[in-house]
Structures are given as C-alpha cells and as structure tokens.
Amino acid sequence: MAEAAGVLGLTAESSDQVRAKIAQALKQDGPALVEVLVHRQELSMPPTITLEQMTGFSLFALKAVLSGRGDEIVDLTKVNLLRR
C-alpha cells in the first residue's frame with residue numbers, strides 16, 4: 001500500500017531484520033515506511049516502571065482471571081517472559 005502512495009514500504013518480520021530495514025529506509029531518497037511485526041500480546045516496556053503502572057497491570061491480571069480469561073494471562077506470560 002505504501003508504494004501506491006509513492007512511499008517505500010518495508011516490513012521487518014523478525015527482530016534480526018529491524019536494523020537492516022531501518023538502514024534501508026534511511027538510505028531511501030524520499031519517504032519510507034517501516035512496518036515491524038510484533039505479537040499481539042507483546043508488552044512495550046518503559047525505561048522505568050512506576051508503582052501506578054504495576055498496580056494497573058496487577059488489576060488487569062486479577063480482573064482477567066476472575067472473569068474467566070486466565071488464558072490471556074498465560075499467553076501474555078509466554079510471549080513476554082518465555083520468549084527466546
């Protein structure tokens with residue numbers, strides 16, 4: 001779709017492709033769009049975590065388990081803690 005608008009479109013499907021795709025985009029003489037695919041449960045981690053963020057995440061996890069969506073917490077754990 002990016003090419004239809006006159007923009008170089010690149011997709012990084014794994015983490016080892018990200019640097020190369022960004023370097024290719026920066027070499028482009030004109031606009032470029034780099035799409036980086038991530039797992040839907042991938043957490044974005046800030047440089048520091050506040051007590052408010054920990055509390056919010058804990059409440060989310062508790063509500064998910066109590067409402068029968070514990071499988072979401074298991075999936076979240078697999079993606080973020082047990083990844084290669």
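The values are calculated or read from the model by the stated rules, or taken from the named source; none is laboratory data. Keep in mind the model is a prediction, meaning the values are calculated, not measured. Cβ: placed from backbone, ideal geometry, glycine included. Neighbour counts: every protein chain shown. All accessible areas refer to the heavy atoms of the entire protein, side chains included, with ligands and DNA or RNA removed. Shrake-Rupley method; radii C 1.70, N 1.55, O 1.52, S 1.80 Å.
Return the residue satisfying two criteria in turn: it lies in the stretch 32-84 and is among the small types (Gly, Ala, Ser) and closer than 30 Å to residue 19 by Cβ, and of such residues it is most open to solvent (accessible area, probe 1.4 Å). Talk me through it step by step, then tell me what you get.
Keep residues of the stretch 32-84 that are among the small types (Gly, Ala, Ser), which gives 32, 44, 56, 58, 61, 64, 67-68, 70.
Right, trim to closer than 30 Å to residue 19 by Cβ and you get 32, 44.
Values: 32: 43, 44: 104 Å².
Ranking the candidates gives 44 first.
Looking at 74, 34, which is the one that is in a helix (DSSP H, G or I) and either polar (S, T, N, Q) or without any contact (Cβ under 8 Å) to a residue 40 or more places away in the chain (or both)?
Working: 34 fails: in a helix (DSSP H, G or I).
Every option except 74 fails the conditions.
Residue 55 - would you say it is more than 19 Å from residue 3 (Cβ to Cβ) and either at pLDDT 95 or above or not in a loop (DSSP other than H, G, I, E, B) (or both)? Spell out how you get there, then give the answer.
Numbers: more than 19 Å from residue 3 (Cβ to Cβ): yes; either at pLDDT 95 or above or not in a loop (DSSP other than H, G, I, E, B) (or both): yes.
Spelling it out, residue 55 is indeed more than 19 Å from residue 3 (Cβ to Cβ) and either at pLDDT 95 or above or not in a loop (DSSP other than H, G, I, E, B) (or both).
If residue 26 passes every condition in (1) part of a loop (DSSP other than H, G, I, E, B); (2) open to solvent by 100 Å² or more (accessible area, probe 1.4 Å) but one, which one does it miss?
(1)
Please enumerate the residues belonging to the stretch 9-55 that are among the hydroxyl-bearing types (Ser, Thr, Tyr) and under 16 Å from the mean Cα position of the chain (by Cα). Talk me through it step by step, then tell me what you get.
Going residue by residue through the stretch 9-55, those that are among the hydroxyl-bearing types (Ser, Thr, Tyr) are 11, 14-15, 44, 48, 50, 55.
If the condition is that a residue be among the hydroxyl-bearing types (Ser, Thr, Tyr) and under 16 Å from the mean Cα position of the chain (by Cα), then 11, 14, 15, 44 are the ones that fit.
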